[in-house]
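The values are calculated or read from the model by the stated rules, or taken from the named source; none is laboratory data. The shown structure was predicted, so the numbers you read here are calculated from the model rather than taken from an experiment. With ideal geometry, Cβ positions are generated from the backbone for all residues, glycine too; neighbour counts draw on all protein chains shown.
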Protein chains: 2
Amino acid sequence: MRFSSFFVKTLKDWPSDEENPSARYLIRAGFIDKNSAGVYTFLPLGLCALEKINKVIREELNRIGASELLMPALISKKYWQATNRWDVDVMYKVKDSSGQDYGLAFTHEEVLTPLLKKFISSWRDLPVALYQIQSKFRDEPRARAGLLRTKEFVMKDLYSFHADAKDLDSYYNEAAGGYKKIFKRLGLNAKPVEASGGDFTEEYTHEFQVLTPAGEDEIFYCDKCDFAQNKEIAKAKEGEKCPSCRSGKIIKENGIEVGNIFKLGTKFSEAAELKFKDKEGKDRLVVMGSYGIGPSRIMGAIAEVSRDEKGIIWPEEVSPFKVHLVELEGGREQAEEAYKVLTDGGVETLYDDREDVSAGEKLTDADLLGITWRIVASARTMKQNKVEIKRRAAKEASEVTLAEAVAYVK
Amino acid sequence: MRFSSFFVKTLKDWPSDEENPSARYLIRAGFIDKNSAGVYTFLPLGLCALEKINKVIREELNRIGASELLMPALISKKYWQATNRWDVDVMYKVKDSSGQDYGLAFTHEEVLTPLLKKFISSWRDLPVALYQIQSKFRDEPRARAGLLRTKEFVMKDLYSFHADAKDLDSYYNEAAGGYKKIFKRLGLNAKPVEASGGDFTEEYTHEFQVLTPAGEDEIFYCDKCDFAQNKEIAKAKEGEKCPSCRSGKIIKENGIEVGNIFKLGTKFSEAAELKFKDKEGKDRLVVMGSYGIGPSRIMGAIAEVSRDEKGIIWPEEVSPFKVHLVELEGGREQAEEAYKVLTDGGVETLYDDREDVSAGEKLTDADLLGITWRIVASARTMKQNKVEIKRRAAKEASEVTLAEAVAYVK
């Protein structure tokens with residue numbers, strides 16, 4: 001994609017109304033724009049990155065047998081009343097011109113569970129796993145830190161439906177495995193952390209936490225084994241001996257929660273009377289799990305943990321384009337050839353073909369945007385019949401032939 | 001995709017609470033589910049069809065130089081006040097816990113115009129064309145007819161920004177051309193119809209209307225030339241001579257509006273003070289256009305005009321899968337082979353691999369789902385070393401080798 005035919009606009013100045021570093025970088029690079037506190041627009045490059053995140057999530061969830069659907073946000077009061085969540089304080093409420101009440105969905109158990117009553121009647125219909133990627137709303141008085149805590153956000157929510165707790169347990173582990181793959185592909189080191197099961201289960205649930213001082217959650221984990229708990233349930237304090245392996249020491253760090261998995265049991269199937277006939281013909285309640293990931297928050301988390309003073313460094317699978325091709329003075333002919341070769345070879349390339357823009361400005365923008373590979377074509381490289389290639393994360397560039405460059409990035 | 005690993009569920013009965021035929025078919029085939037009046041879920045197969053529609057729209061809009069972004073729905077009162085639209089009666093309003101007011105966006109001029117103030121300052125920054133595909137909300141007391149008139153709906157809205165009216169005119173024509181291509185690819189005969197410019201322009205705007213008795217708009221058009229106007233501005237009555245070509249006769253028909261294009265002029269740039277310096281260094285207001293298409297309504301319109309008594313007949317580019325592969329008794333081995341060959345060949349295939357389901361039920365479901373091509377593998381076809389292939393819209397099936405079938409559908 002050429003700059004000249006795509007909306008790529010960086011800002012000269014840092015935003016005056018954002019303190020959080022991830023938000024400052026995302027805004028200055030033209031990935032997002034703040035509409036009001038906790039409400040953001042994804043500009044074209046930001047949407048590219050967001051869609052890359054969504055693609056990874058979809059691929060891994062499809063692999064564990066989940067099907068994607070799309071549920072609405074405007075949910076009639078009766079559904080929230082059925083589960084006693086009409087008065088949850090984070091829910092925005094809307095009244096229509098005929099006096100009907102709606103809540104803007106912050107979660108979708110209330111929609112999906114009654115829906116499945118129409119489709120599930122026998123043990124043969126189970127298990128079912130359904131997910132969506134959709135905008136959710138949350139009355140968030142503490143909206144802060146850019147995409148990390150917002151009033152409107154993109155959410156991936158997966159719900160699973162099972163004949164018994166054993167089948168749920170097995171899917172829960174499968175989902176945990178899928179989550180690990182997702183975060184790894186997204187370049188995030190997301191630690192599974194035990195958390196409280198709330199009203200739903202006496203077992204622990206699991207949060208996936210990206211450890212960073214910018215996170216607002218507090219995590220206590222062992223420096224030797226996998227033991228990790230959030231503040232709410234932590235059995236050991238900082239510096240104490242690990243209660244699990246008895247040899248490691250407990251470390252306290254902050255984290256950004258980028259996902260969670262949750263055994264819901266039968267709370268929602270009871271409310272919706274979602275039952276099925278088991279093999280003996282007996283009516284039983286469906287057993288449920290729910291699994292969340294926040295793609296927009298992930299974008300914020302990446303901008304938080306993967307950047308240097310010049311800009312964001314996108315992990316390869318999230319990078320809005322694979323290559324940022326920069327034409328410098330005298331390199332037009334070579335740049336055009338490189339653009340053709342790259343795009344013909346199926347390499348997603350953002351091509352800075354701007355005229356009347358200085359080399360310094362173009363290279364500064366490339367660092368700010370943080371696309372994985374940068375290829376520069378200039379009078380000098382053209383004379384040598386090579387291009388300059390550099391990974392965004394690397395210190396040094398190399399000069400290689402165009403064919404070599406294509407092979408590198410593929 | 002195998003039935004056994006994808007959520008495909010048809011209903012045995014017609015929905016009791018829908019009268020509109022398109023909605024009845026979409027619900028019975030398991031494409032959509034009604035959550036409350038005017039609020040629907042897209043089930044996995046429905047989402048596949050919706051995404052096919054979106055894909056066509058994206059391809060054609062990218063071709064006319066528009067970039068995709070994603071704006072929020074929760075829009076602070078101040079933006080609506082700036083354009084005097086806070087009291088528009090179709091807008092849902094929300095108050096948060098701190099007393100702040102928001103409107104749920106039914107359109108996005110109020111978001112995008114102020115946003116572009118940050119990025120547009122010179123004639124060099126123009127033109128700009130940006131679009132999104134996003135869920136919109138509308139307090140719709142007449143919610144009816146399934147996806148044709150809803151309270152929450154998927155909308156593609158494109159906005160263009162120009163240095164002068166001439167540049168807007170030229171882009172408006174380009175957009176009209178893009179729209180014609182989109183509707184053609186979507187299998188819809190959408191007639192461009194003149195409509196009022198409202199407060200924005202003295203010129204006509206254009207609606208794209210799919211003519212069908214199920215539509216709620218009334219269109220007056222000439223049976224010989226391109227003259228077509230909606231009821232609001234119609235210069236000629238049914239049966240009269242065409243005021244344009246003076247030889248054709250005016251026909252009155254109902255239509256479903258699936259798109260519209262609109263010259264906004266400077267109303268919104270004035271409200272947001274969106275100005276730029278022209279070549280002479282003089283401050284001028286940006287001139288705007290807006291262009292809508294309703295992907296979810298298009299899905300309803302297709303289900304309205306493209307079906308028979310057995311189910312929907314999806315146009316090829318909208319069909320949720322390209323092939324519906326049906327395994328009948330004794331055809332397992334051949335069906336598995338066909339599934340492998342088709343998917344290896346990149347043909348999106350929905351494979352009815354259900355056991356213990358009768359041939360009648362499988363074939364009825366295939367007609368109900370309306371996927372473009374049906375391929376059947378049974379004991380009989382296996383013996384003949386051929387498969388049975390049939391277009392959903394065709395009366396007769398043919399028997400061909402698997403290789404021939406693949407060549408047909410590719």
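Scanning segment A:208-223 for residues that are out of contact with any Lys or Arg (no Cβ under 9 Å at 6 or more places or on another chain) and surrounded by fewer than 21 Cβ atoms within 10 Å (Cβ to Cβ) yields A:T212, A:P213, A:A214.
Scanning segment A:124-159 for residues that are within 11 Å of chain B (Cβ to nearest Cβ), within 17 Å of B:K9 (Cβ to Cβ) and assigned to a strand (DSSP E or B) yields A:V128, A:A129, A:L130, A:Y131, A:Q132. Can you find a residue that is free of Cβ contacts under 8 Å to residues at least 40 places away in the same chain, closer than 25 Å to B:S160 by Cβ and of a type outside the set (A, V, I, L, M, F, W, C) anywhere in segment B:204-212? Looking for residues that are free of Cβ contacts under 8 Å to residues at least 40 places away in the same chain, closer than 25 Å to B:S160 by Cβ and of a type outside the set (A, V, I, L, M, F, W, C), one finds at least one in segment B:204-212, hence yes.
When you scan segment B:160-247 for strands (runs of 3 or more DSSP E) that lie fully inside it, which ones turn up with 3 or more residues that are more than 28 Å from B:F268 (Cβ to Cβ) and acidic (D, E)? Walk me through it before giving the result.
Numbers: elements: B:190-195, B:205-211, B:217-222, B:228-230.
Result: empty, no element qualifies.
Matching residues to (1) in contact with a helix residue (DSSP H, G or I) (Cβ under 9 Å, 6 or more places away or on another chain); (2) more than 21 Å from A:G311 (Cβ to Cβ); (3) modelled with pLDDT under 95; (4) of a type in the set (F, W, Y):
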{"position": "A:V347", "(1), (2), (3), (4)": "yes, yes, no, no"}
{"position": "A:E355", "(1), (2), (3), (4)": "yes, yes, yes, no"}
{"position": "A:G360", "(1), (2), (3), (4)": "no, no, no, no"}
{"position": "A:T364", "(1), (2), (3), (4)": "no, no, no, no"}
{"position": "A:D367", "(1), (2), (3), (4)": "no, no, no, no"}
{"position": "A:I375", "(1), (2), (3), (4)": "yes, no, no, no"}
{"position": "A:K383", "(1), (2), (3), (4)": "no, yes, yes, no"}
{"position": "A:R392", "(1), (2), (3), (4)": "yes, no, no, no"}
{"position": "A:V400", "(1), (2), (3), (4)": "yes, yes, no, no"}
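Working carefully through the options B:T113, B:T212, find the one that is polar (S, T, N, Q), assigned by TED's automatic domain parsing to the domain that holds B:E51 and closer than 18 Å to B:Y291 by Cβ.
Numbers: B:T212 fails: closer than 18 Å to B:Y291 by Cβ.
Only one candidate qualifies: B:T113.
State all residues of segment B:37-83 that are within 14 Å of the chain's Cα centre (by Cα) and closer than 23 Å to A:L112 by Cβ; if no residue qualifies, say none.
Of all residues in segment B:37-83, those within 14 Å of the chain's Cα centre (by Cα) come to B:42, B:46-61.
Passing the criteria: B:F42, B:G46, B:L47, B:C48, B:A49, B:L50, B:E51, B:N54.
When segment B:55-77 is filtered for residues that are closer than 20 Å to B:K136 by Cβ and surrounded by fewer than 16 Cβ atoms within 10 Å (Cβ to Cβ), only B:K55 remains.
Return yes or no: is B:D226 in contact with a Cys (Cβ under 9 Å, 6 or more places away or on another chain), surrounded by fewer than 16 Cβ atoms within 10 Å (Cβ to Cβ) and either in contact (Cβ under 8 Å) with a residue 40 or more places away in the chain or acidic (D, E) (or both)? Explain how you work it out, then say what you get.
Values: in contact with a Cys (Cβ under 9 Å, 6 or more places away or on another chain): yes; surrounded by fewer than 16 Cβ atoms within 10 Å (Cβ to Cβ): yes; either in contact (Cβ under 8 Å) with a residue 40 or more places away in the chain or acidic (D, E) (or both): yes.
Yes.
For B:S16, state whether it is more than 14 Å from B:G370 (Cβ to Cβ) and in the same structural domain as B:R297 (by TED's automatic domain parsing). In short, yes. Where strands (runs of 3 or more DSSP E) fall entirely within segment B:1-103, those with at least 2 residues that are more than 8 Å from every other protein chain (Cβ to nearest Cβ) are at B:32-36. Restricting attention to segment A:114-123, and to residues there that are in a loop (DSSP other than H, G, I, E, B) and of a type outside the set (G, A, S), which single residue is farthest from the other protein chains (Cβ to nearest Cβ)? So the residue we want is A:K117.
Among residues of segment B:376-394 that are closer than 13 Å to B:A366 by Cβ, those with a Cβ under 7 angstrom from a residue that is among the hydroxyl-bearing types (S, T, Y), sequence gap 6+ or separate chain, pair up as B:E388/B:T381; B:I389/B:S398; B:I389/B:Y408; B:R391/B:T372; B:R392/B:T372. Inspect all residues belonging to segment B:236-254 and state whether any of them is closer than 20 Å to B:R149 by Cβ and modelled with pLDDT of 95 or more. Yes: one or more hits. Against the criterion of being part of a strand (DSSP E or B) and among the small types (G, A, S), A:G300 does not qualify.
Mind listing just one residue for me: the one in segment B:104-113 that is assigned to a loop (DSSP other than H, G, I, E, B) and without any contact (Cβ under 8 Å) to a residue 40 or more places away in the chain and, of those, nearest to B:K263 (Cα to Cα)?
Initially, segment B:104-113 is screened for residues assigned to a loop (DSSP other than H, G, I, E, B), giving B:105-108.
Add one more test, that the residue is without any contact (Cβ under 8 Å) to a residue 40 or more places away in the chain, and what stays is B:105-106.
Values: B:A105: 20, B:F106: 18 Å.
The extreme case among them is B:F106.
The listed residues are A:T205, A:T266, and the only one of them that is over 23 Å from A:F153 (Cα atoms), out of contact with any Cys (no Cβ under 7 Å at 6 or more places or on another chain) and surrounded by 15 or more Cβ atoms within 10 Å (Cβ to Cβ) turns out to be A:T266.
Select from segment A:1-18 the residues that are within 27 Å of B:D101 (Cα to Cα), of a type outside the set (S, T, Y) and without any contact (Cβ under 8 Å) to a residue 60 or more places away in the chain and list them in ascending order.
Initially, segment A:1-18 is screened for residues within 27 Å of B:D101 (Cα to Cα), giving A:15-18.
Subset that is of a type outside the set (S, T, Y): A:15, A:17-18.
Result: A:P15, A:D17.
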